[in-house]
Every structure is written in structure tokens, then in C-alpha cells.
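> Quick one: this structure, given as C-alpha cells, is what I'll be asking you about.
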Amino acid sequence: MKTMRLILILGLSIVTLHAAEGQGTSMKQLYQLKDAKTRSISPENFTGEKGKGGMATLEEGNAQRAARELGQGWKVNPYIYIEPGTTATLGEMEGPGVINHIWMTPVGEYRLMILRFYWDGETEPSVVAPVGDFFAAGWGLGKEPRITSLAVCVNPRSGFNSYWQMPFRKHCKVTMENLGEKRASLYYQIDYSLEDVPEDTPYFHAQFRRVNPLPYKEVYTIVEGIKGRGHYVGTYLAHGANSEGWWGEGEIKFYIDGDGEFPTICGTGEEDYFCGSYGYNDRVENGRDVYDSFSSPYTGFYHVAFDGVQRRFGEYRWHINDPVRFENDLRVTIQGLGWQSEGRYLPLQDDYAPLQDDYASVAYWYQLEPHAAFPPLPAKAQMVINDELPLTGFSKRNVFIDEVEVRIEHRPEVAEVRFTVDGADPAQNSTLYEGPFKVTESCTVKARGFSQGREVTPILSGEFLEQTPKKAAKAARTEAGLACAFFKLDTAPESTQALRDRKPDEMSVAAAVGLPERELPDQFGLCFSGYVRIPSRGAYTFSINSNDGSRLFFGDDLVVDNDGPHSARERSGQVALDAGLHPLRLDYFQAGSGRTLEFFIEGPDLPKQPVPAEMLVH
């Protein structure tokens with residue numbers, strides 16, 4: 001009797017072990033036989049039936065022209081078309097079985113090509129995601145990354161592959177909806193096996209979300225409302241940085257089984273969660289942000305090159321060896337948080353304020369059915385990615401004397417430009433920009449690019465202010481250089497205003513504006529004062545590149561405001577000046593860490609350059 005009980009226990013253990021091994025194979029198990037039948041659905045075999053592949057005739061096939069000399073069996077129908085506003089059924093399978101691999105090559109607007117998976121006759125899908133985001137390639141056609149992970153591979157040029165195991169017991173249905181305005185095409189293959197699926201096997205789920213911009217001081221929700229028992233297995237995040245500086249400090253948080261204000265799992269930063277560090281080795285090369293992309297079996301990061309203002313990134317993490325298990329419910333969030341200089345979280349409006357970036361994500365998990373209903377997809381306008389290429393040519397504030405020629409730099413092959421001079425937002429019937437035009441009185445110019453009836457650039461807006469030139473000062477006796485006051489600071493100020501009422505610790509003469517060539521404390525201030533010698537009457541642009549804050553005054557008028565604690569950045573301003581000497585004051589403070597101070601001039605017959613020493617006197 002004891003022997004029989006031991007055999008029974010061992011037998012149950014073996015059954016349990018087999019169920020726990022799941023539906024997949026590995027190199028260690030590849031030689032083993034399995035009680036399963038292999039099937040595949042594609043446009044060449046819509047049903048996946050045995051012996052029914054490649055049967056399309058020339059009359060039925062989409063590639064009939066290419067195959068016209070070969071006929072049936074010779075790649076007659078390798079793809080499908082999906083008309084605008086329609087949904088195509090990619091495949092239906094009778095179970096029990098497991099989807100083992102999916103390959104797709106879509107042509108269309110990825111964000112508007114929506115994948116849905118339905119398990120065992122459910123009316124609400126368990127997978128809802130745009131095709132690109134589902135395969136961790138969320139930035140659109142022609143911007144696909146190279147991903148070589150265990151769960152997802154993206155191969156040149158747009159070979160999307162999923163190896164997520166997707167079991168079903170009775171029935172499976174896979175669809176794709178085209179929300180776009182143009183016909184889409186799709187090459188695809190769904191490889192599955194017909195085999196037993198244990199009763200306690202959970203189902204695969206994936207959910208897409210997107211918010212742009214993230215509202216001020218709100219966290220981004222990757223997924224919430226998961227009810228039931230299961231485990232979380234992956235995150236894909238398409239992050240568009242709408243702000244300057246480093247963008248990846250936000251903590252990811254997993255609220256498990258009734259967690260309230262505080263989660264059970266709290267990460268230490270965005271790039272930490274995706275298993276990178278130190279900003280993915282971010283740096284500036286030739287004036288552009290550069291990062292080190294990587295793709296590994298479980299984690300990856302890539303940078304999408306884009307000429308617009310927004311910086312774009314993709315990140316994935318598959319919890320294959322470390323699934324996040326839950327018994328009742330799960331919510332996952334991530335903060336939008338970045339750095340500024342001097343080791344403080346990026347403030348946009350005040351200290352410790354979060355970013356207002358573009359976040360889109362797909363959450364992947366397994367759970368026992370039924371699942372809670374998914375929230376609706378964002379409105380179509382909130383789904384799409386706007387590849388807006390900003391117009392350039394003038395600043396927000398432009399000064400002129402008598403008249404000024406307005407130029408708008410754009411790409412004629414991308415967009416035609418319409419503009420207004422009365423402050424109204426440009427429409428498609430506004431004046432067409434055909435070349436530089438003159439402005440003779442103060443006004444607000446706005447311009448925008450249009451293509452095929454759509455707005456394709458942000459509005460470029462600038463005030464044009466007619467000014468009477470400032471009269472030159474009369475200085476009886478001057479010497480070369482600027483007077484330079486040096487201030488030792490015990491604490492980091494928030495503004496150059498803190499220097500105005502202080503007594504300087506040292507006084508000297510500086511040949512030009514810049515940092516003293518000597519050992520400097522972590523925190524200090526500088527005030528340069530004197531005159532700049534203007535060669536001819538005209539409107540001049542002055543620029544300061546500084547880390548930290550700086551301001552430039554001509555007399556009592558603030559011309560350049562680059563104040564506040566920040567990393568190196570350049571700010572400009574314009575002023576109309578007569579020829580001769582003009583009094584100026586440039587204030588600067590350094591709060592610690594990186595240091596930069598550069599001063600530039602640009603004007604009539606004077607290309608942009610550092611203000612030369614021969615123009616500065618006191």
C-alpha cells in the first residue's frame with residue numbers, strides 16, 4: 001500500500017511538472033516528441049487547414065499580376081488589403097491550441113492599424129494594441145528599431161515577430177482594424193499548434209495606452225483595473241521627450257492586490273527599470289543628442305532620429321524570468337521626471353515638478369479569465385504621431401528700424417507655408433509664403449506648414465516691434481575691457497537678482513565676457529559692466545550661453561533673460577541701437593557642477609560671433 005501511494009504521488013508530481021513547463025520548447029527540449037499538431041494561418045491559407053496552403057488561383061490572388069506566368073501555387077496571394085474604416089479577420093482557430101509565433105509586415109499608419117485577439121468566444125478582446133506598439137516599434141513606418149529579444153524580434157526592414165505563447169481552449173480570433181484614411185496592406189503568418197491546454201492555464205493579454213502631453217504633476221498609467229489572478233510579463237514604452245534635459249528619472253510602481261497610496265514594488269528610475277543606467281550614456285555630438293541603443297533578450301532601448309523638437313525613444317522589458325504575480329488586482333504607473341543641473345529634479349514651473357511628455361505603452365500579462373473590460377482607445381487624433389518639422393526663420397521677439405525682411409525657412413517638398421501678419425492662426429486659405437516679405441510696422445507674424453489639407457508643422461509665431469534706436473552714450477574717457485565684480489556665494493541663488501545688492505568680494509577688469517581662468521569655488525557670481533561699441537545704426541541680436549543663470553541689460557532694459565538654475569543653454573534678445581557706445585551690464589551666477597558663459601553679437605554686416613574684446617570698454 002505504501003508503495004502504491006509513493007507511485008501515485010510521483011505520478012501527480014510529473015503531471016504537475018508538465019503543466020508548469022507551459023506550451024513552449026527550448027533547446028534542451030527540442031529533441032523531445034510532443035503530442036501536438038502544427039498549423040499556420042496566412043493569406044495563402046486563411047483557415048490553417050492541413051493540405052490547404054497555396055491554393056489561391058490567379059482570379060483570387062492579390063499578387064495575380066506578379067504570378068501571372070506561373071499560376072496557382074506560386075505566391076499568388078501573399079498579402080491582404082485592409083480598406084479604411086474596415087476590420088479584417090486575420091485568422092480563426094479551433095482549440096485547444098497555442099499560438100507560438102506571429103510574423104507581420106504592415107504597410108500603413110501603424111498607430112491606426114489595431115490588433116485584437118479574442119479567446120474562447122469572448123466579446124471583449126484580451127489584446128488591443130496598434131500593430132507597431134505591440135511589436136515594440138511604436139514610432140511609425142520607416143522608423144522601426146532592430147530588436148533581438150526572446151519575446152519580440154524586429155528585423156530589417158519591418159519584420160515584426162512575436163514569440164509570446166498564447167494558449168486558447170475552444171477558439172481564437174485575431175483581427176486588424178484600419179482606422180486610417182488610406183488602404184493598408186499586411187503580410188502575415190500565425191504559427192500555432194493544436195494541443196491540450198491544462199485547465200489552470202492563464203490567457204495572454206496586452207493593452208495599449210497613450211497620453212500626450214502628460215498633464216502637469218500627474219503620473220502616467222501603464223495599466224490599471226486588472227482583476228483576477230495572473231502575472232505581469234512585459235512593458236513597452238514609447239517616450240517622446242517634450243522638454244529639454246534628461247527625461248528618464250521617473251519611478252515605475254506596481255500596486256499589487258489592494259495596495260493603496262504606496263506600491264509593493266517601486267523602481268528607482270525609468271532607465272533603471274529598463275535595465276540601463278546613467279542616461280543610456282547620453283551626450284551631445286555635433287550639436288545633437290546621442291545615446292547608446294541596445295537590445296538584449298529581456299530589455300532594450302533605442303533612440304529614434306527626428307528633426308523636430310521632440311526627442312523620441314523606445315524601451316522594453318520582458319519579465320520572463322521575473323514575472324510580477326498578483327492574486328486579485330494590479331495597477332502599474334510611471335512618473336514623468338527629469339533632471340536639471342546641480343542635482344535637482346527638472347522644474348518646469350517650480351521645484352520638483354514633473355515632465356509633460358508624450359507617453360505611449362503596451363502592458364503584457366497572463367491571467368485567468370474573465371478579465372475586466374479595457375478602457376476605450378484614445379480618440380484618433382490622440383493616437384497618431386505628428387511628424388511636425390518646425391518652421392524657423394525668426395524669433396519670438398524681433399526688433400527692427402523702419403522696415404525688416406521676414407524669412408521663413410521650410411522644406412517645400414514637405415509642406416507649403418501659409419502666414420498671417422495680424423496675429424491670427426494661419427489657415428489653409430491664408431497668404432501663401434513664396435519668399436521673403438517686408439514688414440514696415442509693428443505686428444505679429446504667424447506661419448504654419450500644410451500638406452494635403454493637413455497641418456504638418458507647429459505655428460511659428462513672432463512679434464515684430466518697430467523701435468527707435470537707443471542713442472549712444474557720451475563717455476569722455478574709456479579704457480579697454482569691462483569692469484568685473486566677483487561674488488563668493490555661500491548658497492546657490494535662484495536668480496541673478498541676488499547679486500544686485502551685494503558688495504563684491506573682488507574687482508578686476510575683464511578683456512571680454514567669460515569665466516575667469518583660475519580656480520573657482522562651486523558657487524559664485526559675476527557682474528560685467530561697461531560699454532559696447534556699436535559700429536553702425538541697426539537692430540542687434542545678443543545671445544548668452546550659460547550654466548547657470550545670466551541676464552543682459554542695456555541701461556535699465558532687460559534684453560536677454562537666461563536666468564535661473566539650469567544646465568548649459570542659449571537665450572537671445574534684440575535691441576535697436578545707434579552707432580557709438582552703449583552701456584551694458586551682464587550678470588551671471590554659478591550654483592555648482594557644470595560651468596559655461598559665452599556672449600555673442602549679431603547685427604547689420606556682422607555675422608554671429610563672440611563679442612570681440614575691441615568692442616568692449618569701461
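The values are calculated or read from the model by the stated rules, or taken from the named source; none is laboratory data. The structure presented is a predicted model; accordingly, all values stated were derived computationally and were not measured. Cβ: placed from backbone, ideal geometry, glycine included. Neighbour counts: every protein chain shown. Heavy atoms of the whole protein, side chains included, go into the accessibility calculation; ligands, DNA and RNA do not. Shrake-Rupley method; radii C 1.70, N 1.55, O 1.52, S 1.80 Å.
> Every residue in segment 491-540 that is closer than 15 Å to P565 by Cβ and in contact with a strand residue (DSSP E or B) (Cβ under 6 Å, 6 or more places away or on another chain), please.
Hits for segment 491-540 are P493, T496, L499, F524, G525.
> Which of the residues that make up segment 242-282 are in a loop (DSSP other than H, G, I, E, B) and at positive phi?
G245, D257, G258, G269, C275
> Could you check how many residues of segment 208-232 are modelled with pLDDT of 90 or more and either within 18 Å of P376 (Cα to Cα) or open to solvent by less than 30 Å² (accessible area, probe 1.4 Å) (or both)?
Qualifying residue count for the region: 15.
> Would you check if P145 is more than 25 Å from the chain's Cα centre (by Cα), at negative phi and buried (at least 18 other Cβ atoms within 10 Å of the Cβ)?
no
> Does S536 satisfy being open to solvent by 50 Å² or more (accessible area, probe 1.4 Å), among the hydroxyl-bearing types (S, T, Y) and in a loop (DSSP other than H, G, I, E, B)?
Judged against the criteria, S536 is not a match.
> Just checking, which of E249, E285, E261 is out of contact with any His (no Cβ under 9 Å at 6 or more places or on another chain), modelled with pLDDT of 95 or more and among the acidic types (D, E)?
It is E261.
> Given the conditions (1) modelled with pLDDT under 95; (2) under 30 Å from K50 (Cα atoms); (3) not charged (D, E, K, R), and given that L141 satisfies all but one, which numbered condition is not satisfied?
(2)
> May I pose another question? With respect to the numbered conditions (1) surrounded by 14 or more Cβ atoms within 10 Å (Cβ to Cβ); (2) more than 36 Å from the chain's Cα centre (by Cα), which one is the sole condition not fulfilled by S543?
So S543 meets the others, but not (2).
> I need the full set of residues from segment 261-297 which are more than 17 Å from the chain's Cα centre (by Cα), among the small types (G, A, S) and open to solvent by 50 Å² or more (accessible area, probe 1.4 Å), in order please.
S277, G287
> Ok, one more. Are there any pairs, at least 6 apart or on different chains, whose C-beta atoms fall under 9 Å, with the first in segment 236-248 and within 19 Å of A568 (Cβ to Cβ) and among the aliphatic types (A, V, I, L, M) and the second part of a strand (DSSP E or B) and open to solvent by less than 10 Å² (accessible area, probe 1.4 Å), and if so, which?
A241/G248; A241/R312; A241/F313; A241/D358
> Quick test for you: out of G73, G91, G132, pick the one residue that is in a loop (DSSP other than H, G, I, E, B) and not hydrophobic (A, V, I, L, M, F, W, C).
Result: G73 is the single residue among G73, G91, G132 that is in a loop (DSSP other than H, G, I, E, B) and not hydrophobic (A, V, I, L, M, F, W, C).
> Right, here's the next one. Output the qualifying pairs, or none if there are none: Cβ atoms under 6 angstrom, residues six or more apart or on different chains, first residue in segment 504-521 and closer than 16 Å to H618 by Cβ, second residue assigned to a loop (DSSP other than H, G, I, E, B).
Once the first residue is closer than 16 Å to H618 by Cβ and sits in segment 504-521, its partners that are assigned to a loop (DSSP other than H, G, I, E, B) give V509/G481; A510/G481; A511/G481.
> Separate question: Go over the candidates E44, E83 one by one and state the one that is in contact with a Gly (Cβ under 8 Å, 6 or more places away or on another chain) and either closer than 25 Å to E109 by Cα or modelled with pLDDT of 95 or more (or both).
Just a single option satisfies the conditions, and that option is E44.
> Which one of the conditions (1) closer than 20 Å to Q367 by Cβ; (2) basic (K, R); (3) without any contact (Cβ under 8 Å) to a residue 40 or more places away in the chain does R169 fail to meet, given that it meets all the rest?
Of (1) closer than 20 Å to Q367 by Cβ; (2) basic (K, R); (3) without any contact (Cβ under 8 Å) to a residue 40 or more places away in the chain, only one is false for R169: (3).
> Yes or no: segment 180-190 includes at least one residue that is under 24 Å from D387 (Cβ atoms) and touching a helix residue (DSSP H, G or I) at 6+ places or on another chain (Cβ under 7 Å).
Looking for residues that are under 24 Å from D387 (Cβ atoms) and touching a helix residue (DSSP H, G or I) at 6+ places or on another chain (Cβ under 7 Å), one finds at least one in segment 180-190, hence yes.
> Quick one: R585 ticks every box in (1) of a type in the set (D, E, K, R); (2) touching a Pro at 6+ places or on another chain (Cβ under 6 Å); (3) over 24 Å from W339 (Cα atoms) except a single one, so which number is it?
The single condition R585 does not satisfy is (2).
> Testing M93 on (1) hydrophobic (A, V, I, L, M, F, W, C); (2) exposed (fewer than 14 other Cβ atoms within 10 Å of the Cβ); (3) within 43 Å of the chain's Cα centre (by Cα), one condition comes back false. Which one is that?
(2)
> If only one of V98, V76 is at pLDDT 95 or above, among the hydrophobic types (A, V, I, L, M, F, W, C), open to solvent by less than 50 Å² (accessible area, probe 1.4 Å) and in contact with a Gly (Cβ under 9 Å, 6 or more places away or on another chain), which one is it?
Going through V98, V76 in turn, the sole match is V98.
> Name the strands (runs of 3 or more DSSP E) wholly within segment 298-383 that hold at least 1 residues that are modelled with pLDDT of 95 or more and within 23 Å of the chain's Cα centre (by Cα)?
Here the list reads 299-304, 311-318, 329-334, 358-367.
> Then there is this: Report yes if some residue within segment 594-605 is at positive phi, among the acidic types (D, E) and either buried (at least 18 other Cβ atoms within 10 Å of the Cβ) or not in a strand (DSSP E or B) (or both); otherwise report no.
Yes: one or more hits.
> Now, a different point. Are there any pairs, at least 6 apart or on different chains, whose C-beta atoms fall under 8 Å, with the first in segment 177-202 and more than 20 Å from K34 (Cα to Cα) and part of a loop (DSSP other than H, G, I, E, B) and the second open to solvent by 70 Å² or more (accessible area, probe 1.4 Å) and of a type in the set (S, T, Y), and if so, which?
From residues that are more than 20 Å from K34 (Cα to Cα) and part of a loop (DSSP other than H, G, I, E, B), the pairs are R183/Y81.
> Also: Is it the case, given these coordinates, that Y273 is closer than 24 Å to W164 by Cα, in contact with a Pro (Cβ under 7 Å, 6 or more places away or on another chain) and not polar (S, T, N, Q)?
no
> Related question: Can you give me the ranges of the strands (runs of 3 or more DSSP E) entirely in segment 422-527 with at least 3 residues that are open to solvent by less than 40 Å² (accessible area, probe 1.4 Å) and not charged (D, E, K, R)?
Of the strands (runs of 3 or more DSSP E) lying wholly inside segment 422-527, those with at least 3 residues that are open to solvent by less than 40 Å² (accessible area, probe 1.4 Å) and not charged (D, E, K, R) span 443-451, 460-466, 482-488.
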